[in-house]
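Beneath this line is the structure, given in structure tokens, with notes to follow.
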């Protein structure tokens, strides 16, 4: 038996603020709006294993499935932290007129509450969350958290999801290290995500290097927050939600793509980063227009 470790949502800086124009810069940078004429992620189910969700947020109300609260099965997965609501907003907020719009505004979020109000969870609850997603026909699992130690049981759950055709997107961690990536992002069955800033450079806090599959905007990201508010946060957590939204756009057009095919499409369609020395070998930034073109050729 292995020890049931505590795991936390990746800590990040944050400040609350008003929304300026409804279109967060990250959603624009990855070219999501250029894809909306073809795909909005319609009915693709994204499981967000996190702190829950603000079910009353006007930007999220139309994008929610019931989900599950693993900390208290008799309650809805309400968010008492904010992190999960922020992640869900980037993936699928859909209130362009008055609020914000996410990467895949017609995707459906299944909130899986495994983390408490402090942003802490036991690995055993994460595993239950993954298993719940596989049983309930979830297409993509967003895992904006990480831990340093490897867990055989977590790897087993991730592998089972992968073999069932569920795509897992995980954040690489905020240690600013070159060759270090958190688990579960380090497992090859996941898509591991690093963070970039507005100038398409790797954000200083982001882990980087060969273990990262793709980078996406993660610095000063505005998204939904508790009580109908908005909050700006930085972290590879935020980058991960951009990639989950992009995969929802892709799956809405090509529902039969496997996790391996999706990783291949992402690898073939990345934009080179601004500060990459060796452009051929380096991992690049998510570009949804190029991603959809690469999917056509597969």
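The values are calculated or read from the model by the stated rules, or taken from the named source; none is laboratory data. Every value quoted in this text rests on a predicted model; they were computed, and no experiment measured them. Cβ atoms come from the backbone with ideal geometry, glycine included; neighbour counts cover every protein chain shown.
Worth pointing out:
- Qualifying residue in the stretch 84-93 (condition: surrounded by fewer than 24 Cβ atoms within 10 Å (Cβ to Cβ) and in contact (Cβ under 8 Å) with a residue 40 or more places away in the chain): no
- Residue 185 being at pLDDT 95 or above and closer than 15 Å to residue 210 by Cα: yes
- Taken over the stretch 52-75, the criterion of being more than 17 Å from residue 93 (Cα to Cα) and crowded, with 16+ Cβ neighbours inside 10 Å is satisfied by 68, 69, 70, 71.
- Residue list for the stretch 19-42, filter: surrounded by fewer than 24 Cβ atoms within 10 Å (Cβ to Cβ), modelled with pLDDT of 95 or more and in a loop (DSSP other than H, G, I, E, B): 31, 36, 37, 38, 39, 40, 42
- Pairs where the first residue, in the stretch 1-14, is over 16 Å from residue 146 (Cα atoms) and the second is modelled with pLDDT of 85 or more and outside any loop (DSSP other than H, G, I, E, B), C-beta under 8 Å, 6+ apart: 2/152; 2/153; 13/233; 14/231; 14/232; 14/233
- Counted residues, the stretch 140-163 - those being under 22 Å from residue 83 (Cβ atoms) and touching a helix residue (DSSP H, G or I) at 6+ places or on another chain (Cβ under 6 Å): 8
- Residue 206 in a loop (DSSP other than H, G, I, E, B), surrounded by 22 or more Cβ atoms within 10 Å (Cβ to Cβ) and either modelled with pLDDT under 95 or touching a helix residue (DSSP H, G or I) at 6+ places or on another chain (Cβ under 6 Å) (or both): yes
- Qualifying residue in the stretch 250-261 (condition: surrounded by 24 or more Cβ atoms within 10 Å (Cβ to Cβ), modelled with pLDDT of 95 or more and either in a strand (DSSP E or B) or in contact with a helix residue (DSSP H, G or I) (Cβ under 7 Å, 6 or more places away or on another chain) (or both)): yes
- Any hit, the stretch 96-114, residues being out of contact with any helix residue (DSSP H, G or I) (no Cβ under 8 Å at 6 or more places or on another chain), surrounded by 18 or more Cβ atoms within 10 Å (Cβ to Cβ) and in contact (Cβ under 8 Å) with a residue 24 or more places away in the chain: yes
- Unique match (being surrounded by fewer than 24 Cβ atoms within 10 Å (Cβ to Cβ), touching a strand residue (DSSP E or B) at 6+ places or on another chain (Cβ under 7 Å), touching a residue at least 40 places away in the same chain (Cβ under 8 Å) and within 25 Å of residue 105 (Cα to Cα)) among 270, 266, 238: 270
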